[in-house]
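The structure under discussion appears below in the form of C-alpha cells.
The values are calculated or read from the model by the stated rules, or taken from the named source; none is laboratory data. Quantities reported herein were computed from a predicted structural model and do not represent experimental measurements. A quick note on method: Cβ atoms are made from the backbone with ideal geometry, for glycine too, and the neighbour counts reach across all protein chains shown.
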Amino acid sequence: MLTSQEYEDDELLELLRENSQVALKRIYSKYWKRLYLSAYSILREDAAVQDIVQEVLLQLWLRRNEAVIITLKPYLFTSIRYKVLTHIKSAASRKVFLEPGELELLAGKEELNDTLNEDDINNLLDKGISALPDRCRQVFIMSRREYLSNKEIAEKLNITVKAVEAQITLALKQLRISMGEFLFWACIIIPIFYN
C-alpha cells in the first residue's frame, strides 16, 4: 500500500476532488501532526488544538468540491491560523491571550485600520524579518511562509534539526522585541498579514 509520503499534494487534491476518502486519510496522516504543532505552539491547549485540527480536516472534506485550493499545504496552515484566531476570540480564551480592548483591535479590520493599516503591519513584519541574521531569516521564512517542517528545512540547508529549532527560536525572540508583543502575535496569527 502506498503511503501519504509517496503522493504529491496536487495528486492528493485531485483524488480528494474525486471524492476519495483514501485521499482524506492520506492528507490526515501527512499533515495532522504538523497542523497540531502549529496550533499548539500558540494555544497550548491540547483538547482545543485537537478540535481545531479535526475541524479543519473535516471542512476540507465537506468543501472538497466547492473550495478553490491551489496548493494544499498553505491552505491547511492558513485554515489552522484562522481557526486559532476564532478560538482566541471566544470568551473563555480572551483573558488568556488578550487584554481588554486588544480583542476588538484584532477581531475587526475596521478597528485595526484605525490604528495601523494592513500595509503598515506587513511592512513592520517585513522590516523585522529583514533585520534577522541571514541564516535565521532564511530558516524563519522557510518555516513560516513556505510551511516546511523543521526536518525539511534541515535537509534543504544541510544543518541539524536542533539548529533549525534554535534559529526559529532566535527569530521569534527578536521579532517579539522589535515589534512588541501585541503586533508580533497579530502578525503571526492573522492570515491576512502573511501574504
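Below are the figures for this structure:
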read-out	value
Those helices (runs of 4 or more DSSP H) lying entirely in segment 103-146 with at least 1 residues modelled with pLDDT of 85 or more	118-130, 134-144
Residue pairs meeting the criteria (Cβ under 9 Å; at least 6 apart or on separate chains; first over 16 Å from A154 (Cβ atoms), in segment 132-144; second in a helix (DSSP H, G or I) and hydroxyl-bearing (S, T, Y))	R137/S130
Selection status of S38, under 20 Å from L148 (Cβ atoms), under 14 Å from the mean Cα position of the chain (by Cα), without any contact (Cβ under 8 Å) to a residue 24 or more places away in the chain and crowded, with 18+ Cβ neighbours inside 10 Å	no
Segment 49-87, subset more than 12 Å from the chain's Cα centre (by Cα) and touching a residue at least 40 places away in the same chain (Cβ under 8 Å), residue surrounded by the fewest Cβ atoms within 10 Å (Cβ to Cβ)	N65
Top-ranked residue of segment 59-102 - restricted to ones that are at pLDDT 85 or above and aromatic (F, W, Y), ranked as nearest to Y36 (Cα to Cα)	F77
